[in-house]
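Structure record follows, encoded as structure tokens.
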Amino acid sequence: MSIFLKYILSIIIFFPLLSALILVFVNKKAEGLLRNLATVLSLVEFLLSSFLFIYFKSNTYEFQFVERFSWIRAFGASYFLGIDGVSLFMILLTTLMTFVSLLSSYKYIKDHVKEFVILMLVLETFMLGTFASLDVLLFYLFWEFMLIPMYFIIGMWGSGRRIYSAVKFVLYTLAGSLIMLFGLITIFILHYNQTGNFTFNLLKLYNTNIPLTLQIVLFIAIFLGFAVKVPVFPFHTWLPDAHTEAPTAGSVILAGVLLKFGVYGFFRFAIPLMPEAALILTPIILVLAVISIIYGALVSIVQKDLKRLVAFSSVSHMGFIMLGLFAMTAVSVDGSVLQMINHGISTGALFLFVGMFYERRHTRLIADFGGLAKKAPIFAALFMIAVLSSVGLPGLNGFVGEFLILVGSFKQYTVFTIFATSGIIFAAVYLLWMFQRVMFQDITNQKNEDFKDMTFREIMTVLPLIFLMFFIGLYPDVFLSRINPTVVHFVNIIEHNKYAYNLIKAKMGLFNA
Amino acid sequence: MNSKDLIVWLIPFFPLLGAILWGVFGKYFKNYSGYLGSIFIIISFILSTVIFFMVAYGHSFTSTLYSWIDASYFKVNISTTVDRLSVIMLVMVTGISSLVHIYSIGYMKDDKGFARYFSYLNLFVFSMIMLIMANNFLLLYVFWEAVGFCSYILIGFWYEKKSASNAGKKAFIVNRIGDFGFALGVMLIFVNMGTLNYSSVFSGIHLLPPYLITTIALLLFAGAIGKSAQFPLHVWLPDAMEGPTPVSALIHAATMVTAGVYLIARCHVIFSYSPSASNVVLIIGGITAFIAAFIAMTQFDIKRIIAYSTLSQLGYMFMAVGIGSYAAGIFHLVSHAIFKGLLFLTAGSVMHGMSGELDLRKMGGLYSKMKKTAITFIVGGLALSGIPPFSGFFSKDAILASLFNKGDYFFWIIGELVAFMTAFYIFRLIFNVFFGESHVDKNLHVHESPNVMTVPLIILACFAAVFGFIGMPPFNHSIFYSFINKDFANSLNFSPAVNNYPWYLLSTVSVIAGISGIYTAYVFYIKKSLDLEMLKKRFKAVYALSYNKLYIDEIYDFAIVRPMKNFSVFLWRVVDSFVIDGAVNGIAQWISVTSSKVRKVQNGMLMSYVFTLTVGVIALLAYYFVR
Amino acid sequence: MNINVNDYLIVATIIFCIGALGVLIRKNLITIFLSLELMFNAANLGFVAVSEYLNLMSGDIFVIFIMVVAAAEAAILLGIAIAFYREKGTIDIDKANELKM
């Protein structure tokens, strides 16, 4: 057991890769076997990752389950893994969402099943590696590798303009991450100049002294990389395209996990590496975050395509998360991290439902539906729960995260918070209006007359997510108690930065005068 | 957990259990969900009564279930406080809920969604109980939204009807606008006080600067405006009548819509430190009371008339709490809950007997066909009109007396005017429905409702008739006021409903207003000695204004809804697809155009390559030599 | 008349330029090849002259190497020329534009 725990992170990261390797030897024609095997293996992976949760010590901000081996000695790159309260839940989210999306693909993915399940599992490895690595080079490698399977998933199993969307997705993110690489290497060299040591160890790079102007330049560079991933307005336009054309599983992974990388990148890299620059640029970023919230919501109102609506709602929700993170109070960052989990669950669930609509009717236009609640009551009830969780109804998960973000940001950024809070009105408008047009009213389209209710497998797909919605909504302490030490430490890093503190004070003085 | 705590937590437990059982296993319970659901609520009612006496003869107490949110310095528990204010609300809510549940068994009989209906209804009762018992602002906010959600699903219960699902959505969204303010208020309290617990907030609020107190009070009031459907967010309540009638009785008359008044009474400390916020409450209450009564006079849909009447009566309550006469506001809240619940349920009974007809022009002379309904309806009408000795007389009179004593003569006059209009429109309704000649469709078999429906009506009617006596003038010595005033005594501008003037003089004025309203209706609709059509023509503009509800829905549609939609389309079509994607695609285009031009250099002609090479060498040499 | 190293170099330059012009102007593959040989030999001339002038052997060794390489080149080039002729039916260099995009 102790050996297992010692190398648990590596085991978790590479288990999906191993599973993919096993699947390579399965006959291409045995689609049923491939699907079942992949699903079961991803479930095993999820159960493996739950060990992290069980053995995670919730009273410390230190990295846990650390593994470290020298890798490329010449420039100090190492195989360095470890997780804290934030990456713990990101990893759990990843393993859960992969399982759920594999389970959801039984009907949706009809051809090239083997390639699909293998790509999904490979993607899982890369995502997990990104969340767990504490070495900048390792992180970057995993980060870039992620694009490849995603490119194929959108490009091969997508619909409509899938090639366009896949290329847009790759180019957008690639452009961002190259600029980010430039920034990370600059810090690496700076650190060498200051200490004489080559190292990609993130924890050591944290101590690099970066001159303020350079910091700002670098921060902007890295910001672009992560902001595209989040996405923040105005870097969001790849998202609706990618989501709309991706297969259900792709959308679920994209919304559930990939978008979190942007925020995670800010949390793990951009802000702790360049705290002063982060503090100086905060107002601008907050403006973008608030614009994202309102913009995403307003545009969602008028969408005609279900998937596009959910995609734009993602922009709005991610705006909340950015607001919470950059308000940089313990409460708001707590909320922000919790909301990352929530968004993965709620939006992931919404995409699952949209996928079920598509499987049944081969359309995603809202106008083609209507009155389905009569034909599919279970579908309607569960879909409603997912919608309400996205609306942020108290008692469900979305509320806790949003409220913490808002209440944490309120004191310092009152105006931003007021605007952001108006987002809760819009969320009700676009989601409930959509729900009404899809589920309520009378059946106007004859094709909806034989709309089938959910099958057992479909219920099982969404049930874990629905359960989590209630659980986080009613008893978020399980999550918050593990997140909180990390977050408090994160906030302390920034606040203890005296230079930054003075700067802020000077800036306040400027604003006052 | 001692026995007190246990009883407190069992009160919301039973409705919640019911909600889950009927919601998940509804098809196995079928009709039992109605009976069992009612029994669950009755158990809650009995427990509430127990708690009532515990508090009345003991102290208020707090009990905590578990720690809900614990994020560094933001801590909130799931916990409740039971004091005099909340036990009164508890008994009222569970009592009326029990009756409505029983009534619903008859009303919703044979409906396909029978179990679903009781699931929703139980969920609502659970949320309402928790809203009342919450001991901090966040929990209050949570259940504030939860009752809004229950109202949403219950209004849209018959979701196949487009109007019903529209009305549900409208209710939820308009409520959210109010909740937006409420949420900001809660945040403002937290960032300034560092806590959300009632007791700590109320004991420390006076340390804040006055402008902050006023802002907090006004933001909380924004929530109350939304939930209690006050002007300018009143538009959802009349539409909410699309829901089943018992729902209208329970949620949109007796309990949920009064949550706003409860909120202000609960936060009376905050409001008492902010005279300006209290004035805003008074003014909004006055405006709503007046315009709602004005609109109610010309409507034809019986449920909508009663809905506007609810708005108007809520306006009274807000006027009361606005001048600091919290006890009078709460007293009217309770008595209104009884007689308005009665009116809605009787209206439902009329609908039931008329196969769903709502237009009072198609009724008339129903008295002989449904005597029980008619008599109970008239009792409710008399209570609403403030005719002694029915309950509405005492409760409304306390408010009017407080207004007069406070020196707010303007609002007193408005109050009396509204009293006149109230008596007019409700008796216009009664005369048109129950008396006069019949306009009922000949094929319609009009019948009295079954006992399961009429018994709750009779119980309510009895209460509506006698309830007022516990708040008899001189007010402060009556049972009700001496009980509840202990809770309000610590607020600053507290004005118990004292009477410096002989109360019977003021009462006489209101009674005259009520009776003249009834008489006017009598003249118009029974004696028909005045030509209505001619009056309508003479006051065409006024009539149109009232009939079209002051065009407020249209104004909102024109000024807010449509511009917002257009703006969203603009953002999507222009900003998103054109500007941003245009910029992105523009860069891509530029790169592709430039590279296709640069590509031409590579023309495959060996000679040109060699030529370029030579020129390059020569240029290098030249550079070398010139340097 | 005394011939010094400069004169050799001038002649070499002239021959190089003639060769270069030939490469640039002529279209016939064989002619281009011959012009190329001229350029080689101009360079050889330069090497030899300077080698003599500086009294070093290395220049002469270079020349021998270059001549060997040039011979090998000639063989390859003629091979290419024949293959090209078989493919195109001409040895006009302008027809060899397959590399363009």
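The values are calculated or read from the model by the stated rules, or taken from the named source; none is laboratory data. Everything numeric in this text was worked out from a predicted model, so none of it was measured. Quick reminder, even Gly has a Cβ in these numbers, built from the backbone with ideal geometry, and neighbours come from all protein chains shown.
Taking the numbered list (1) outside any helix (DSSP H, G or I); (2) closer than 30 Å to A:E458 by Cα; (3) out of contact with any Leu (no Cβ under 8 Å at 6 or more places or on another chain) in turn, A:N197 passes all entries but (2). Has segment B:241-248 got any residue that is of a type in the set (S, T, Y) and modelled with pLDDT under 90? Within segment B:241-248 (the criterion being of a type in the set (S, T, Y) and modelled with pLDDT under 90), the answer is yes, since at least one residue qualifies. A single member of B:I173, B:I189, B:I177 is of a type in the set (V, I, T) and either more than 9 Å from every other protein chain (Cβ to nearest Cβ) or assigned to a loop (DSSP other than H, G, I, E, B) (or both), and it is B:I189. Once segment B:122-143 is narrowed to residues that are farther than 24 Å from B:L99 by Cβ and part of a helix (DSSP H, G or I), the residue that is nearest to the other protein chains (Cβ to nearest Cβ) is B:V142. Checking every residue in segment B:82-91 against the condition of being away from chain A (no Cβ under 14 Å), buried (at least 17 other Cβ atoms within 10 Å of the Cβ) and not in a helix (DSSP H, G or I) gives at least one match. Taking each residue of segment C:12-38 that is farther than 20 Å from C:V48 by Cα and looking for partners that are assigned to a helix (DSSP H, G or I) and of a type in the set (D, E) with beta-carbon atoms closer than 9 Å, six or more apart or interchain, yields C:K27/C:D94; C:F33/C:E73. Looking only at segment C:62-101, residues that are within 14 Å of chain B (Cβ to nearest Cβ) and of a type in the set (A, V, I, L, M, F, W, C) come to 9 in all. Checking each residue in segment B:414-463 for being small (G, A, S), assigned to a loop (DSSP other than H, G, I, E, B) and under 25 Å from B:K527 (Cβ atoms) picks out B:G436, B:S438. Residues that are within 16 Å of the chain's Cα centre (by Cα), surrounded by 20 or more Cβ atoms within 10 Å (Cβ to Cβ) and either within 14 Å of chain B (Cβ to nearest Cβ) or of a type in the set (D, E, K, R) (or both) are absent from segment A:354-375. Listed by first and then second residue, the pairs with beta-carbon distance under 8 Å, at least 6 apart or on different chains, first residue in segment B:438-464 and modelled with pLDDT of 85 or more, second surrounded by 15 or more Cβ atoms within 10 Å (Cβ to Cβ) and in a loop (DSSP other than H, G, I, E, B), are B:T454/B:E448; B:A464/B:F390.
Residues in segment B:431-448 that are surrounded by fewer than 23 Cβ atoms within 10 Å (Cβ to Cβ) and either under 25 Å from B:L384 (Cβ atoms) or of a type in the set (D, E) (or both): B:F431, B:F435, B:G436, B:E437, B:S438, B:H439, B:V440, B:D441, B:V446, B:E448.
If you go through segment A:151-159 one residue at a time, do you hit one that is in contact with a Leu (Cβ under 9 Å, 6 or more places away or on another chain) and within 25 Å of A:F80 (Cα to Cα)? The answer is no; no qualifying residue exists. Looking across segment A:459-485, the residues that are within 13 Å of chain B (Cβ to nearest Cβ), of a type in the set (V, I, T) and surrounded by 13 or more Cβ atoms within 10 Å (Cβ to Cβ) come down to A:I459, A:I466, A:I472, A:I483. For segment A:451-458, indicate whether the set of residues that are within 14 Å of chain B (Cβ to nearest Cβ) and either within 30 Å of A:E276 (Cα to Cα) or part of a helix (DSSP H, G or I) (or both) is non-empty. Within segment A:451-458, none of the residues are within 14 Å of chain B (Cβ to nearest Cβ) and either within 30 Å of A:E276 (Cα to Cα) or part of a helix (DSSP H, G or I) (or both). The requirement of being more than 13 Å from chain A (Cβ to nearest Cβ), under 28 Å from B:G178 (Cα atoms) and surrounded by fewer than 22 Cβ atoms within 10 Å (Cβ to Cβ) is not satisfied by B:D111. In segment B:379-402 there is at least one residue matching the filter, namely being closer than 25 Å to B:K527 by Cβ and surrounded by fewer than 24 Cβ atoms within 10 Å (Cβ to Cβ).
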